[in-house]
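Quick notes on the structure that follows.
The values are calculated or read from the model by the stated rules, or taken from the named source; none is laboratory data. For clarity, every value in this text was computed on a predicted model and none was experimentally measured. Glycine gets a Cβ as well: all are built from the backbone with ideal geometry, and neighbour counts include every protein chain shown. Each accessible area value is taken on the protein alone, full model and side chains, heavy atoms only, with ligands, DNA and RNA left out. Shrake-Rupley method; radii C 1.70, N 1.55, O 1.52, S 1.80 Å.
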Amino acid sequence: MATTIRERWTSRPLFIFAAIGSAIGLGNVWRFPYLTYEYGGGAFLIPWIVGLIVMGIPWMMMEFGMGRYFQKSAPGVFEGIGKKWEWLGWWPVWVAFLIVTYYTVVMAWSLRYMVSSATMAWGVGEAGAEGAGAYFFETVLNLSSGPGVLGAPVGPILGCLALIWVILFFIMFKGARVIGKVAVWTVSIPWALLVVLLIRGLTLPGAIEGLNYYLTPDAVALRDPQVWFGAFSQIAFTLSLGMAGMFAYGSFVAKKADLTNNVFITSFANCATSFFAGFAVFSTVGFIMQGLNIPVGEVSASGLGLAFVTYPVAISMMPVVPALVGITFFLCLFLLGIDSGFFLAYGGVISPIMDKFGLSRIKATAIVCVIAFLIGIIYTTSGGLYWLDIVDRTVSFYGLLITGALACIVIGWVFGAKKLREHLNETSDIKVGAWFDWLIKIVVPAGLLFVVIWGGFKEDIFAPYGDYPLWAASMIWVILGVTLILSFVLQAVKTRGPKEASES
Ligand code: PHE
């Protein structure tokens with residue numbers, strides 16, 4: 001068999017930037033600050049840091065390390081462990097694929113809002129504060145009455161989505177070489193923009209009260225298991241683990257390069273960004289509370305509501321250059337999203353397809369971009385938001401945690417955690433000790449399965465998720481089942497293997 005040359009990051013910093021870029025995303029800005037506020041303020045940092053150390057860091061070492069060991073993306077790694085495990089490499093590929101179909105739609109909203117901010121389309125002053133909700137749900141999304149009523153795609157969002165896929169195509173079709181270079185910008189510009197937003201936030205009246213809400217510790221919260229589940233699933237989500245991509249990113253690392261140190265840099269940079277973003281967000285939330293004279297509990301500080309309703313409310317109330325603050329915020333969201341987008345599409349889907357089917361990079365990239373765009377159209381319809389929510393619960397909660405737990409078990413017990421640790425230690429500055437084996441073999445998978453069972457099944461099996469009609473909520477199980485079956489189908493397909501994986 002001819003030896004093929006694996007594509008490579010062109011330098012260590014470019015790999016680190018690409019890894020940080022994949023981890024930092026919308027979740028750092030909207031999910032982390034909200035969870036912290038909701039789950040005990042400053043006290044939440046304890047389970048979150050515990051989750052980072054006992055679960056996030058070893059898990060990331062595992063994904064990078066296995067990718068580098070086999071020089072393959074996820075399916076190739078599991079095929080390398082044993083032919084019968086290949087499906088376990090494909091399942092997270094489906095997870096990554098489904099995530100990118102809707103993640104890009106949220107980016108499309110951000111693009112749309114950059115334009116809206118220029119003219120403050122939801123209104124200025126009081127009118128804007130009142131109109132921001134209606135603007136998002138009615139004007140921008142044209143939201144229907146439920147998941148059964150899809151309606152037509154909304155033009156401007158569809159246009160933005162198409163544009164995003166064109167941009168992603170041009171970033172990805174040359175592979176790791178270009179991805180690393182782009183990531184330097186898509187990481188450092190949002191950092192700079194966050195600093196601007198923080199300064200703006202802190203100089204607004206009410207900022208300090210906002211920060212008090214964000215960080216005042218409530219130690220009692222630590223006794224609530226939900227708080228620990230929240231912290232653990234957030235760590236998995238924020239580090240972009242469990243969705244195949246990190247295996248591929250690790251496989252582009254040369255065999256002699258350091259890994260463990262890079263994992264520490266990546267995970268700490270990501271978590272520091274989350275913590276920092278919380279200041280920018282909550283200083284602004286404090287400003288709204290103060291301006292509208294309402295308690296923080298009534299200001300929606302979570303998820304979509306935070307980014308596309310609450311923040312616009314704050315913008316319309318700002319005394320100076322509100323439009324500019326708006327453009328800065330949505331540009332920041334867009335840039336935060338884009339490197340997670342190419343991580344999911346390239347590391348998660350395109351690289352595995354190239355490895356398995358020997359397609360050229362440009363062909364694989366084109367196929368994935370077109371199909372993902374076509375599926376994404378569903379979320380641009382009037383009923384799209386409901387489906388986005390259901391698919392998100394399916395893949396970014398269940399998919400990610402279940403495939404992650406299974407991967408740890410198979411790698412820990414079948415491949416051997418010790419063998420992986422020795423591989424990591426061969427080239428790394430920071431040596432990992434035997435503790436690593438037990439984390440991978442027992443602690444991480446057990447922790448993840450706990451979260452799935454107590455934090456997930458208990459909620460969604462006995463009552464339909466999110467109060468959706470039963471048929472719509474059941475799609476969670478249908479999607480999980482179908483993607484699992486398709487993973488076995490892909491395992492059964494015989495191919496010639498990679499033809500051209502080389503970087504000239
Ligand atoms: N880690 C990203 C965030 O915090 C989310 C993400 C999930 C990105 C999955 C890529 C893949 O927003």
Heavy atoms of residue 359: accessible area, 1.4 Å probe, square angstrom to 10: 50 Å²
Accessible area in square angstrom per residue, the chain, 1.4 angstrom probe: 37 Å²
Dipole of the stretch 333-441 [Lys/Arg +1, Asp/Glu -1 at C-beta], most positive-end residue of 348, 414, 425: 414
Mean residue ellipticity (222 nm) of the chain, computed from DSSP H runs ≥ 4 via -39,500 (n - 2.57), nearest 500: -20000 deg cm²/dmol
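Would you mind checking 255/418; 181/255; 83/174; 256/431; 181/419; 256/363 for any pair whose Cα atoms are more than 23 angstrom apart? Write down the numbers at each step before the final one.
Working: 255/418 18 Å; 181/255 21 Å; 83/174 30 Å; 256/431 15 Å; 181/419 33 Å; 256/363 31 Å.
Among 255/418; 181/255; 83/174; 256/431; 181/419; 256/363, the Cα-Cα distance tops 23 Å for 83/174; 181/419; 256/363.
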Residues whose placed amide H lies under 5 Å from that of residue 241, excluding near-sequence neighbours: none
Residue among 49, 325, 278 farthest towards the positive dipole end of the chain, charges placed on Cβ: 49
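Please give the length that would be gained between residue 426 and residue 367 if that part of the chain were fully extended, namely 0.36 nm times their separation in residues minus their C-alpha to C-alpha distance (nm, one decimal).
Working: separation 59, 0.36 × 59 = 21.24 nm, distance 3.82 nm.
Between residue 426 and residue 367, full extension yields 17.4 nm more.
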Inter-part distance where the stretch 156-226 and the stretch 238-296 are each reduced to a Cα centre, Å: 8 Å
Segments 259-268, 308-317, 431-440, 477-486 sorted - mean Cβ within 10 Å per residue, highest first: 308-317, 259-268, 431-440, 477-486
Magnitude of the charge dipole, the stretch 1-140, Cβ model with Lys/Arg +1 and Asp/Glu -1, debye to 20: 780 debye
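Quick one, could you list the DSSP H helices from the chain stretching 18 Å or more along their long axis (Cα atoms) with average Kyte-Doolittle hydropathy of 0.0 or above? Walk me through the numbers before you get to the answer.
Values: long enough: 57-70 (20 Å, 0.36); 86-119 (51 Å, 0.89); 155-172 (26 Å, 2.55); 176-202 (39 Å, 1.65); 225-238 (19 Å, 0.66); 260-292 (48 Å, 1.10); 322-342 (31 Å, 1.90); 361-376 (22 Å, 1.96); 475-492 (25 Å, 2.31).
For the chain, where a helix must reach 18 Å along its axis and average at least 0.0, the hits are 57-70, 86-119, 155-172, 176-202, 225-238, 260-292, 322-342, 361-376, 475-492.
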Farthest toward positive dipole pole in the stretch 135-245 [+1 Lys/Arg, -1 Asp/Glu at C-beta], among 188, 228, 206: 188
Virtual paramagnetic centre 7 Å along Cα→Cβ of residue 126, amide N under 14 Å, in the stretch 312-335: 317
Where labels lie 7 Å past Cα in the beta-carbon direction, separation of residue 292 and residue 83 in nm: 6.1 nm
Accessible surface of the chain [probe 1.4 Å, protein heavy atoms]: carbon and sulfur percent: 70 percent
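Report, in debye and to the nearest 20, how large the dipole of the stretch 327-444 comes out about its Cα centre when Lys and Arg carry +1 and Asp and Glu carry -1 on their Cβ. Please report the intermediate quantities before stating the final value.
Details: 9 positive and 8 negative charges, 58 e Å.
It works out to roughly 280 debye.
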Ordering of 279-285, 240-246, 167-173, 395-401 by packing [mean C-beta count within 10 Å, highest first]: 240-246, 279-285, 395-401, 167-173
Per-pair calculated FRET efficiency, R0 = 35 Å: residue 166 and residue 255 via Cβ, rounded to 0.05: 0.50
Residue-span extension gain [residue 485 to residue 174] - 0.36 nm each, minus C-alpha spacing: 108.8 nm
Check: the chain dipole with +1 on Lys, Arg Cβ and -1 on Asp, Glu Cβ, in debye: 2020 debye
Point-to-point label distance, residue 478-residue 38, nm (Cα→Cβ direction, 7 Å offset): 2.7 nm
Radius of gyration and maximum dimension Dmax of the chain, Cα, Å: 22.0, 71
For residue 381, residues with placed amide H under 5 Å, excluding near neighbours: 154
Peptide ranges 71-82, 92-103 listed from the most packed, as the mean C-beta count within 10 angstrom indicates: 92-103, 71-82
